[in-house]
Amino acid sequence: QVQLVESGGGLVQVEGSLRLSCAASGSISSINVMGWWRQGPGKERELVAIAPSIGRTIYSDSVKGRFIISRDSARNTVYLQMNSLKPEDTAVYYCYLSALGRNYWGQGTQVTVSS
């Protein structure tokens with residue numbers, strides 16, 4: 001069983017910064033991808049950024065240049081540094097892990113950007 005525990009969400013003002021963390025634990029092997037998705041009010045869940053074990057990181061156009069994803073493979077942890085936050089970044093952010101053909105999700109952490 002794999003568990004993903006997120007932390008770092010909260011309330012921030014426009015143009016502020018937040019750093020999200022997600023630690024994976026349990027029976028983990030051969031992680032293919034770790035990353036972040038988000039779901040804003042009244043919206044569908046969307047990709048924010050992913051960091052494959054092999055290959056380049058991918059960002060959505062809406063966060064490119066403002067957010068940075070990084071991984072600590074030794075600790076099975078993924079981070080999301082969010083800078084220059086905008087009100088439209090308000091959402092529940094979900095950690096994501098893909099391994100051996102299975103997908104796992106965290107419980108979500110709320111990020112609210114106030115103007």
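The values are calculated or read from the model by the stated rules, or taken from the named source; none is laboratory data. These numbers were taken from a predicted model, which means no experiment stands behind them. Backbone-built Cβ (ideal geometry, glycine too); neighbour counts: all protein chains shown. All accessible areas refer to the heavy atoms of the entire protein, side chains included, with ligands and DNA or RNA removed. Shrake-Rupley method; radii C 1.70, N 1.55, O 1.52, S 1.80 Å.
Looking only at residues in the stretch 60-72 that are surrounded by 13 or more Cβ atoms within 10 Å (Cβ to Cβ) and within 18 Å of Ala99 (Cβ to Cβ), the one that is modelled with the highest pLDDT is Ile69. Taking the criterion of being in a strand (DSSP E or B) and without any contact (Cβ under 8 Å) to a residue 60 or more places away in the chain, the residues of the stretch 14-36 that qualify are Ser21, Ala23, Ser25, Gly26.
Exactly one residue among Leu97, Leu11, Leu4 is in contact with a Ser or Thr (Cβ under 7 Å, 6 or more places away or on another chain) and either assigned to a strand (DSSP E or B) or in contact (Cβ under 8 Å) with a residue 60 or more places away in the chain (or both), and that residue is Leu11.
Within the stretch 40-59, the set of residues being over 19 Å from Ala99 (Cα atoms), assigned to a loop (DSSP other than H, G, I, E, B) and open to solvent by less than 80 Å² (accessible area, probe 1.4 Å) comprises just one member, Gly40. Could you please let me know if Trp37 is crowded, with 19+ Cβ neighbours inside 10 Å and at pLDDT 95 or above? Yes: the conditions hold for Trp37. The set of residues in the stretch 73-108 being closer than 14 Å to Leu18 by Cα and either open to solvent by 30 Å² or more (accessible area, probe 1.4 Å) or polar (S, T, N, Q) (or both) consists of Tyr79, Gln81, Asn83, Ser84, Lys86, Pro87, Thr90, Val92.
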